[in-house]
Amino acid sequence: MSSADLTSERDLPPEREASAKGDIAPGRDGPRDTGMDDASLHRWLARTWRTPAGIIGALSSVDHKVIARRYLITAFLFLCLGGLNAVAMRIQLSGPQRGLIGPDLYNQLFTMHGVTMMFLFAVPIVQATGIYLVPLMVGTRNIAFPRLNAFSYWVYVSGGLFAWVSFALSMAPDVGWFAYVPLSGPEYGPGKRADVWAQMITYTEVSSLAVAVATIVTVFKQRAPGMSLDKIPLYVWSLLVTSFVVVFAMPAVMITSTFLILDRLVGTHIFNPAEGGDALLFQHLFWFFGHPEVYIIFLPATGMVSAIIPAFARRPVFGHLGLVLSLIAVGFLSFGLWVHHMFATGLPKLGASVFTASSMMIAIPNGIQIFCWLATLWDGRPVIRTPLLFVLGFFFIFVIGGLTGVMLASVPLDLQVHDTYFVVAHFHYVLIGGAVFPLLGAAYFWFPKITGRMMSERLGRWHFWLALIGFNAAFFPMHIVGLWGMPRRVYTYPAELGWGNINLFISAGAVLFFLSFVLFAFNLVHSVLKGAPAGDNPWDAGTLEWATSSPPPSYNFARIPVVTNVEPLWAEREPLPVATGLRVDARELIISTVAEAHPDIREKSATPSIWPLLAAIAVGGTFLYSIFTPWAIVWGAAPIAVTLIGWFWPKGDPEDEE
């Protein structure tokens, strides 16, 4: 029976039989999509790529869209928790000498706020958008290493729960999101709070590294035929550069937290100057990760801006090559700036001068990006919709954050405003303006693709103006109160200092900003339930994710598209040319060459498996136990080994074929 003869569900062989066919030699392998009619092709692919039914099936899913949706929802919930922390702190600071929150709880609140926003919201949510969109934008059927991708989610969510359960038990870290020694060391940090910080950081960053590796391999080896390096969408470029930054930066903070737990549990003295250690080493290691962390969050946001602007300017982006080179330059330079966080530690003048220069230098590639985006809008026919409104808000806020960043790169000014609210204002302008506003625009832009429904435009505009006004009301006055000398991380202040009225205004702005997210959440839920049907390409955009249905099927594309342009849907107004020859009874992908994306080989993609979840439980239990004793590493090795052996043991599936 030829594959083209298959016309109904009953013609499909039983599932076991289909799997068994995967074991035969390539010359006699299963049916392929060549010449198969659309209805039969859909039935074959839907069954081959589906997530099994039931709870075990759901827990075993390796579909990148399913994993990404879980990431997005989880990260949004952590955002809400971190936002509630911020509201509680702002209520406490809304007037002098308020006694709503004591110093111990306040220390936990600002630590959990920073840890949640940086490690449990910002990085995971930008990676989650990549998990969902990158395979669609490069024209493949799943992300590389899909089981590793599933494992990363279970590690991430369990690490986040670990941190928040510790907060509920009043065991949360209280040493700031950076946990400087000696404050977090055994001499000044009794109890288990600093241990929770150290192990939670090490554990959750395993998740980020796993996603980064999967993203790099997907972009390099799974692009659709014809998508050469110069035709890769800018959003995908931004995720590629970000993933390399993650691979080189995250190990630094994992080493830092591991050294800290060794000092606290094993009795080493890596950071103890009294025994030959070096406390400043902690800051060097932490900020070697900490400053690139800003760009890990910011670079994907620039990719989102580069995707939204052409769609609403109705023309290809101006300076595609310049934008790619700017992304790469920012990625490189992000590793040369970390010392500007340490100007107050008494650096040699020559070293301070070098890092001042490099800190100012990074404004050049960022300026090129902003110029290219403005040129695209100037030469286009902009249509003002909610996603573009958030991009315009991003321009306004990020430029202010960038200017204060250049100011802080100057040693004399940095020393004057060090550890004041001026710094708090600066990094919120950079992180919220540079990442959250583009992220919100991206939510409105890609929501139709993910759900098949449009978000309310009217609620979206209300959301934008509430967010813009609330954000600036909350954070711009912090520049002023910082210049007046108000320090960071204080839970109250005397009335005689005269900071009461401005702090009341800041708190009112923070509440308004929080309410904008309540409206956003309502819009999300309302649109999922009652939003207008979106269609495949509601914005008439040009990249590949819009070539498939909304929401995409489990297999993404019935036939793999062939790419001829950086905006293929604009270049090919007729149906896209496609590549055929893939098996439909096994999860097959096209592996292409790195530079030109020539089709190279066919490769199997992993099937659903429960082992990534079991492995995450074994690893998570080991990390949790290691807070109390270093012997946990020994006892935990056995269950970790068992789950990994179960994960990789050949099971006769098509993916085990040579």
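The values are calculated or read from the model by the stated rules, or taken from the named source; none is laboratory data. Please read all numbers here as calculations on a predicted model, not as lab measurements. Every residue, glycine as well, gets a Cβ built from its backbone with ideal geometry; the counts of neighbours run over all protein chains shown. The area values use the complete protein model at the heavy-atom level, side chains included, leaving out ligands, DNA and RNA. Shrake-Rupley method; radii C 1.70, N 1.55, O 1.52, S 1.80 Å.
Residue-level check: of (1) over 28 Å from the mean Cα position of the chain (by Cα); (2) surrounded by fewer than 19 Cβ atoms within 10 Å (Cβ to Cβ), Tyr493 misses just (2).
Would you confirm whether or not the stretch 591-608 contains a residue that is of a type outside the set (Ser, Thr, Tyr), in a helix (DSSP H, G or I), at pLDDT below 95 and over 30 Å from Gly57 (Cα atoms)? No.
Restricting attention to the stretch 334-342, does a residue exist that is among the aromatic types (Phe, Trp, Tyr), surrounded by fewer than 21 Cβ atoms within 10 Å (Cβ to Cβ), without any contact (Cβ under 8 Å) to a residue 40 or more places away in the chain and in a helix (DSSP H, G or I)? No: zero hits. In the stretch 451-462, the residues that are under 12 Å from Ala534 (Cβ atoms) and of a type in the set (Val, Ile, Thr) reach residues that are part of a helix (DSSP H, G or I) and open to solvent by 30 Å² or more (accessible area, probe 1.4 Å) with C-beta atoms within less than 8 angstrom, at least six apart or across chains, in these pairs: Thr451/Val528. Within the stretch 302-332, being open to solvent by less than 40 Å² (accessible area, probe 1.4 Å) and not in a helix (DSSP H, G or I) holds for Val317, Gly319. For the structure I just gave you, tell me whether Ala150 is of a type outside the set (Phe, Trp, Tyr) and open to solvent by less than 10 Å² (accessible area, probe 1.4 Å). Criteria met by Ala150. Suppose the filter is open to solvent by 10 Å² or more (accessible area, probe 1.4 Å), more than 25 Å from Thr202 (Cβ to Cβ) and among the polar types (S, T, N, Q); does Thr140 pass it? No.
Screening Trp378, Trp465 for residues that are among the hydrophobic types (A, V, I, L, M, F, W, C) and under 23 Å from Gly322 (Cα atoms) leaves exactly one candidate, Trp378. Residues that are outside any loop (DSSP other than H, G, I, E, B) and among the acidic types (Asp, Glu) were ranked within the stretch 248-284; the one that is farthest from Val123 (Cα to Cα) is Glu275. Restricting the search to helices (runs of 4 or more DSSP H) fully inside the stretch 352-468 and requiring at least 2 residues that are under 27 Å from the mean Cα position of the chain (by Cα) gives 363-379, 386-408, 421-431, 437-451. Inspection of the stretch 389-397 finds a residue satisfying the criterion of being over 25 Å from Met118 (Cβ atoms) and either crowded, with 22+ Cβ neighbours inside 10 Å or touching a residue at least 40 places away in the same chain (Cβ under 8 Å) (or both).
Taking every residue in the stretch 42-67 that is under 24 Å from Ala616 (Cα atoms) and pairing it with any residue that is of a type in the set (Phe, Trp, Tyr) and open to solvent by less than 10 Å² (accessible area, probe 1.4 Å), at least 6 positions away or on another chain, the pairs with Cβ-Cβ distances below 7 Å are His64/Tyr132; Lys65/Tyr132.
A single entry from Val196, Val219, Val211, Val245 fulfils the requirement of being part of a helix (DSSP H, G or I), open to solvent by less than 10 Å² (accessible area, probe 1.4 Å), at pLDDT 95 or above and more than 26 Å from Ser605 (Cβ to Cβ): Val245. The condition (being outside any helix (DSSP H, G or I) and charged (D, E, K, R)) is satisfied by just one residue among Asp230, Asp174: Asp174.
Note on the stretch 609-635: residues that are in contact with a helix residue (DSSP H, G or I) (Cβ under 8 Å, 6 or more places away or on another chain), farther than 29 Å from His64 by Cα and part of a helix (DSSP H, G or I) total 4. Kindly indicate whether Thr129 is open to solvent by 10 Å² or more (accessible area, probe 1.4 Å) and either of a type in the set (Gly, Ala, Ser) or under 30 Å from Leu569 (Cβ atoms) (or both). Yes: the conditions hold for Thr129. Please work out if Ile261 is open to solvent by 40 Å² or more (accessible area, probe 1.4 Å) and more than 24 Å from the chain's Cα centre (by Cα). For Ile261, the condition - open to solvent by 40 Å² or more (accessible area, probe 1.4 Å) and more than 24 Å from the chain's Cα centre (by Cα) - is not met. Looking at Ala357, Ala344, Ala375, which is the one that is in contact with an Asp or Glu (Cβ under 9 Å, 6 or more places away or on another chain) and of a type in the set (A, V, I, L, M, F, W, C)? One residue alone meets the criteria, Ala344. Considering Leu234, Leu229, the condition of being touching a residue at least 12 places away in the same chain (Cβ under 8 Å) and out of contact with any helix residue (DSSP H, G or I) (no Cβ under 7 Å at 6 or more places or on another chain) is satisfied by Leu229 alone. Checked across the stretch 44-54, the condition of being modelled with pLDDT under 95 and more than 23 Å from Arg559 (Cα to Cα) holds for at least one residue.
A count restricted to the stretch 68-95 and to residues that are open to solvent by less than 50 Å² (accessible area, probe 1.4 Å), over 30 Å from Ala150 (Cα atoms) and of a type outside the set (Ser, Thr, Tyr) stands at 8. Residues in the stretch 537-578 that are open to solvent by less than 20 Å² (accessible area, probe 1.4 Å), over 21 Å from Pro316 (Cβ atoms) and not in a loop (DSSP other than H, G, I, E, B): Ile560 alone. Being hydrophobic (A, V, I, L, M, F, W, C), open to solvent by 20 Å² or more (accessible area, probe 1.4 Å) and part of a loop (DSSP other than H, G, I, E, B) is the requirement here; does Ala586 meet it? Answer is no for this residue.
Can you confirm whether Ile201 is under 25 Å from Asp419 (Cα atoms) and among the β-branched types (Val, Ile, Thr)? Before you say what the answer is, go through the steps one by one.
Numbers: under 25 Å from Asp419 (Cα atoms): yes; among the β-branched types (Val, Ile, Thr): yes.
Answer is yes for this residue.
Considering every residue within the stretch 522-531, establish whether at least one is polar (S, T, N, Q) and not in a helix (DSSP H, G or I). Looking through the stretch 522-531, none of the residues is polar (S, T, N, Q) and not in a helix (DSSP H, G or I). Would a scan of the stretch 562-570 turn up a residue that is of a type in the set (Phe, Trp, Tyr) and at pLDDT below 95? Checking the stretch 562-570: at least one residue is of a type in the set (Phe, Trp, Tyr) and at pLDDT below 95. Among the residues of the stretch 589-606, those identified as touching a Lys or Arg at 6+ places or on another chain (Cβ under 9 Å) and open to solvent by 70 Å² or more (accessible area, probe 1.4 Å) are Asp600, Arg602, Glu603. Could you tell me whether Thr420 is open to solvent by less than 20 Å² (accessible area, probe 1.4 Å), in contact with a Phe, Trp or Tyr (Cβ under 7 Å, 6 or more places away or on another chain) and on the phi < 0 side of the Ramachandran plot? Here the answer is no, as Thr420 does not meet what is asked.
Of note, Trp611 satisfies the criterion of being within 30 Å of Leu161 (Cβ to Cβ), aromatic (Phe, Trp, Tyr) and modelled with pLDDT of 90 or more.
Among the residues of the stretch 469-490, which ones are among the aromatic types (Phe, Trp, Tyr) and either within 32 Å of the chain's Cα centre (by Cα) or open to solvent by less than 10 Å² (accessible area, probe 1.4 Å) (or both)? Those that are among the aromatic types (Phe, Trp, Tyr) and either within 32 Å of the chain's Cα centre (by Cα) or open to solvent by less than 10 Å² (accessible area, probe 1.4 Å) (or both): Phe471, Phe475, Phe476.
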